Amino acid sequence: MTVEQRTIPAAPGRLAGEPAQGAREMAPVSVIMITLALDALGFGIAIPVLPDQVSAVMGGREAGTLFLGVLVACYSLMQFVFAPLLGAASDAWGRRPVMMVALVGALASNLMLAFAPGFGWLLAGRLCAGATAASASVATAYLADITTPERRAARFGLMGGMVGLGLVAGPACGGLLGTFGASVPFVVTSVLAAVNVLGAVLWLPESHPPESRVQFTVSRANPLGSMRLLRHNATLRRIVIAACFGMTAYGIFLACFVLSNELRFGWGSRENGIALGALGLGITLTQTFLMRHVVARCGERRTALLGYLLFIGAYMAYGFAASVTMMAIAIAMHSLALVNDPALRALVSIEAGPSRQGEYLGAMVCLMELAATIAPLLGAAMLHYVQRSAAPAHYLGLPFFVAALLYLFAFGALLLEHSDKANALRAKRS
């Protein structure tokens, strides 16, 4: 049976693969969800142990701070480069072959991180991990192919729940397994990645039918092409600008959370793993159970705006946190704020139409990751300055205050997009 013969038809009025079609059709959706969970697991498992790996290689925590920022930034840089490439390739040749290449690459990256003898191998592993993680836009397009437009936000919320599940297990496993050695967590993720490759070979048919495909062109498969796409679509431009501000803020959080907790509270990989695991659990609960109800009541755009307000509150709380109680409040608000991400993706997916899901979602991921490339360097530089200058402990909250300001800019950008649409609608009616 060829890939084309195994294409999943889009079912009007319901999701392809739901019980009316039988359990067998749920298999590809399950593979996509597990893939996203494992991507998040691999990402989250590195957070508690990467500082120890880098410090061991570079000869100390202070010397390793900036190099840790480089590793986080390189991960995002590769997503910036590869997200539009993989998205355009999946629009032209189908989702399945692109996903298969990405899954094999994820296995290779975990093996490199597990057995890295020095910083060069760590860097190579993170570069490969970032390139393969760019397939998240392809996975999102796969789900969009088989999901009706009015139900995509709920489906993307479930997708976010699986990512959150990976983020629950990732930091917790990284913190616990890291006690046996910094490379042990990556050995475990290598085994899981190999199982995922096998599952995709057996149960991941093509979702993008040949008649909906578009020709692959270099202009659509590179970051500059993504920027040109924004120039010609004002609605997409506003949404992506908001998303980029948000991703910059989140990148600062990722670069600074573990190290600032170590400096403020004396936390090690175990405590940081528990905190990040709690955040991931909150994200899972929010996006699996709460997301669809909020979207049904408020709509995608208002849900995204609500998420940005919660992000601002959460990051201010991170900045002022002087106790575990304050940190718990910040984590709870941060978890609830993640109603924002599926809502933004749904807005972009609806704007794209059936034939350009990969391109539009790839453009969004691409430019978000450009922002995320800069953010860890900015966050690491701020923490490095605080360390070197022997500033008071409350200065360690500075990166989180800057991140909260960026979320305020994101809120403003999306609010302006909403105002532009409302004005255009009023002008059309008059």
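From Ala317, Ala343, Ala337, which residue is of a type in the set (A, V, I, L, M, F, W, C), over 24 Å from Ala133 (Cα atoms) and modelled with pLDDT of 85 or more?
Result of the check over Ala317, Ala343, Ala337: Ala317.
Consider Leu123 carefully, then state whether it is surrounded by fewer than 24 Cβ atoms within 10 Å (Cβ to Cβ) and within 17 Å of Cys366 (Cα to Cα).
So Leu123 does not fit the description; no.
Evaluate segment 134-147: report whether one residue or more is of a type in the set (Phe, Trp, Tyr) and either surrounded by fewer than 22 Cβ atoms within 10 Å (Cβ to Cβ) or under 18 Å from Thr189 (Cβ atoms) (or both).
no
Which one is nearest to Met99 (Cα to Cα), of the residues in segment 185-234 that are in a helix (DSSP H, G or I) and polar (S, T, N, Q)?
Selected residue: Asn196.
If the Cβ limit is 7 Å and pairs must be 6+ apart or interchain, which residue in segment 372-386 that is in a helix (DSSP H, G or I) and modelled with pLDDT of 85 or more pairs with which residue that is surrounded by fewer than 22 Cβ atoms within 10 Å (Cβ to Cβ) and aliphatic (A, V, I, L, M)?
Once the first residue is in a helix (DSSP H, G or I) and modelled with pLDDT of 85 or more and sits in segment 372-386, its partners that are surrounded by fewer than 22 Cβ atoms within 10 Å (Cβ to Cβ) and aliphatic (A, V, I, L, M) give Met382/Leu398.
Please enumerate the residues belonging to segment 1-54 that are within 30 Å of Phe257 (Cβ to Cβ), at pLDDT 80 or above and β-branched (Val, Ile, Thr).
Ile32, Ile34, Thr35, Ile45, Val49 - these are the residues of segment 1-54 that are within 30 Å of Phe257 (Cβ to Cβ), at pLDDT 80 or above and β-branched (Val, Ile, Thr).
Which residue pairs have Cβ atoms closer than 9 Å, lie 6 or more positions apart in sequence or on different chains, and pair a first residue in segment 74-102 that is outside any helix (DSSP H, G or I) with a second residue that is surrounded by 21 or more Cβ atoms within 10 Å (Cβ to Cβ)?
Correct list of pairs: Gly94/Glu206; Gly94/Ser207; Gly94/His208.
With the structure loaded, tell me whether Thr140 is hydroxyl-bearing (Ser, Thr, Tyr), farther than 20 Å from Leu86 by Cα, in a helix (DSSP H, G or I) and touching a residue at least 60 places away in the same chain (Cβ under 8 Å) or whether it fails that test.
no
Do we find that Leu158 is in a helix (DSSP H, G or I), more than 26 Å from Thr288 (Cα to Cα) and at pLDDT 80 or above in this structure?
Considered against the rule, which asks whether it is in a helix (DSSP H, G or I), more than 26 Å from Thr288 (Cα to Cα) and at pLDDT 80 or above, Leu158 comes out as no.
If you go through segment 240-264 one residue at a time, how many are over 16 Å from the mean Cα position of the chain (by Cα) and under 18 Å from Ala332 (Cβ atoms)?
The number of residues fulfilling the criteria is 2.
The values are calculated or read from the model by the stated rules, or taken from the named source; none is laboratory data. On a predicted model such as this, the values are computed, not experimentally measured, just so you know. Neighbour counts run over all protein chains shown; Cβ positions are idealised from the backbone, glycine included.
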